[in-house]
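Coordinate-derived values only; no laboratory data. No experiment lies behind these values; they were computed from the predicted model shown. Here the Cβ positions follow ideal geometry from the backbone for every residue, glycine too, while neighbour counts run over all protein chains shown.
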Amino acid sequence: MTSIDWSARADAYVESDAHREGADLEQLVAWAGGARTALDVATGGGHVARRLREAGLQVVTCDPAPGMHPDVICRAESLPFADGAFDVVACRTAAHHFADLAAAVAEMARVSCDRVLVVDTVFMGDEVEQAEALRDPSHVRNYTEAEWRAFLEGAGLAVREARLVRHTFDFASWLLRTGCAGEEAAHVEALLGERVAGGTLTLDKLAIRAAAGA
């Protein structure tokens, strides 16, 4: 994964329309219902934490970038928390940046005593992958639902529910957030094809509710 100054991006992620709202975020909050404590992994702009706190949960945030102002600075692959420390462990729209997703999922499973909730852009083909990496060199990969199930089940989690959600947001802002402009931006748009229309980009996201224990 290319080294990126995520702290310099912090304000952009706080203001990001692609992150601060969406049906996937509402689904994640609904799935967290009834829990008392939560860990927001790779919190970024803090939108998951904000919504979970509004729902009455006690939330701890973590992120490797100090500029994101997390409660704890750490990578998803190495969470400095005790086994079963949280009712809910959530990770939204971040896993495609993780260098070792299997290790990150294993850590999320370890520190959860109940639920692991993940949302991320799903694999939509090689052209979309090329566009993602060109727009943001820190992009590692989007994964299929089958791959996600294998990661979760390999960590000892049982997948209870999986939903595909279409997410539409401002295309220009999406490019600007990573400094993608000029010929590169034009190439990204060409690779995305019909997913870009009327100044917006539509991507497919996968939301999964998994439970601790088989």
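The Cα center of the stretch 59-94 and the Cα center of the stretch 123-166 differ in position by 20 Å. The residues packed around residue 86, meaning those with a beta-carbon under 13 Å from its beta-carbon, carry a net charge of -3 if Lys and Arg are +1 and Asp and Glu are -1.
Using R0 = 41 Å, the C-beta based FRET efficiency linking residue 102 and residue 170 works out to 0.80.
Computed extension gain for residue 163 through residue 150, at 0.36 nm per residue and net of the alpha carbon distance, reaches 3.1 nm. Considering only the Cα atoms of the stretch 104-214, their convex hull presents on average a projected area of 7.2 nm². Between 143, 193, 162, the Cα set farthest toward the positive side of the dipole of the stretch 136-214 (charges on each charged residue's Cβ, about the Cα centre) is that of 162.
Each 5 Å bin from 0 upward holds the following percent of the Cα-Cα pairs of the chain: 1, 7, 16, 21, 21, 17, 10, 5, 2, 0. Other residues whose C-beta falls under 9 angstrom from the C-beta of residue 188 contribute a net charge of -2, scoring Lys and Arg +1 and Asp and Glu -1. Where does the charge balance sit around residue 59 when Lys and Arg score +1, Asp and Glu -1, over other residues with C-beta under 9 Å from its C-beta? Within the 9 Å Cβ shell, the charges total 0. Helical runs (DSSP H, four residues minimum) scored at -39500 (n - 2.57) apiece and divided by the length of the chain put the mean residue ellipticity at 222 nm at -9500 deg cm²/dmol. Computed over the alpha-carbon pairs of the stretch 79-157, the distance histogram in 5 Å steps reads 3, 16, 25, 24, 15, 10, 6, 2, 0 percent, short to long. Beta-bridge orientation, the chain: approximately 55 percent antiparallel, per DSSP, counting only bridges with both partners inside. Remark: relative contact order (the chain) = 22 percent; criterion is Cα-Cα distance under 8 angstrom and separation of 6 or more residues. The packing ranking, built from the mean of other Cβ atoms within 10 Å per residue, places the peptides 89-101, 200-212 in the order 89-101, 200-212, highest first.
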